[in-house]
1. Considering only lysines 8 or more places apart in sequence, or on different chains, count the pairs in the chain whose C-alpha atoms sit under 26 Å apart.
2. At 7 Å along the Cα-to-beta-carbon direction for both Phe5 and Phe150, put a label point, then send me their distance in nm to one decimal.
3. What does the convex hull of the alpha-carbon atoms of region 143-245 project to on average, in nm²?
4. Residue by residue through region 120-126, which ³J(HN,Hα) values in whole Hz follow from phi under the Karplus form 6.51 cos²θ - 1.76 cosθ + 1.60 (θ = phi - 60°), with glycine and proline marked x?
5. Give the peptides 206-219, 165-178 in descending order of average Cβ contacts within 10 Å, highest first.
6. Based on the alpha-carbon gyration tensor of the chain, what equivalent-ellipsoid semi-axes (square roots of 5 times the eigenvalues) come out, in whole Å, largest first?
7. Pick out, from Leu17, Leu126, Thr154, the residue whose Cα sits farthest towards the positive end of the charge dipole of the chain, with +1 on the Cβ of Lys and Arg and -1 on the Cβ of Asp and Glu.
8. Which residue, Ile134, Ile70, Ile95, tops the fluctuation ranking in a GNM of the chain built on C-alpha contacts under 10 Å?
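Read-outs: derived from the displayed coordinates by stated rules, not from any lab. These figures come from a predicted structure and were not determined experimentally. Glycine also receives a Cβ, built like all others from the backbone with ideal geometry; neighbour counts cover every protein chain displayed.
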Amino acid sequence: MRDYFSIFFAFLGSFLLLYIFIPIVLTISLQILDLNSLTNALRDELVLSSLINSIATSTATMLISIFFGIPLGYLLAKSDFYGKSFVQAIVDLPIVIPHSVVGIMLLLTFSDAILDNYAGIISAMLFVSASFTINSARDGFIGVEEKLEFVARTLGANRLKVFFTISLPLAMHSIITGAIMTWARAMSEVGSILIVAYYPKTAQVLVMDYFNNYGLSSAKPIAVILILICLFIFFILRRVARVKG
């Protein structure tokens, strides 16, 4: 018998799937028909430097979020303390704050220390993306059975050793997923960076510059390069998830 329920749901879900898929394929296809502009973009020193800036600052953001986010995720997963719901709300809040507002808040907080420099770019990226690492780490540690940790403690292992030998390895799949999502989210950030650190140029800001100053045809090659980078990152994500799963 045909599964009409699944067919109906697939029909409904296909609308959003196509809504996402078609613009991506169309943008890349149109650029393939104009390889000269893509080649010129890859030879443009400003484009290359902006791509390097984006990749470097996104990577730095990811590493910072891992270093500070894993301990916080562990506490949220394994500890009950007064104000835990408030802490979780703070962690989730950057997801819903408009990014132009994020830029204003950061400028009011750090002033000239983050104005038009790499620290400013990273601070903006970290604010909007760290939640992914924290929440993924929390979910990963929640999935670790307490019995395993308890047995290790009864055998004489201290909490630090239990964390590094049992909890962290078992939660690593979720942590890696969250870290890559953090990297991707940092790579896509524009609004707060425009306010905090217009210079040095990142690729996502340069796309807007080229579009405003030279039009759609000039911005398209950089947009396609960014799309391909994001597709590559999510390809890695799926490979990691398959290996670790």
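1. For the chain, qualifying lysine pairs total 9.
2. So the label points at Phe5 and Phe150 sit 3.7 nm apart.
3. Working: hull surface 36.8 nm².
The number I arrive at for region 143-245 is 9.2 nm².
4. x, 4, 5, 5, 5, 4, 5
5. Values: 206-219: 14.8, 165-178: 19.3.
Ranking, from highest mean packing down: 165-178, 206-219.
6. Numbers: eigenvalues 263, 136, 58 Å².
That gives 36, 26, 17 Å for the three semi-axes.
7. Thr154
8. Ile95
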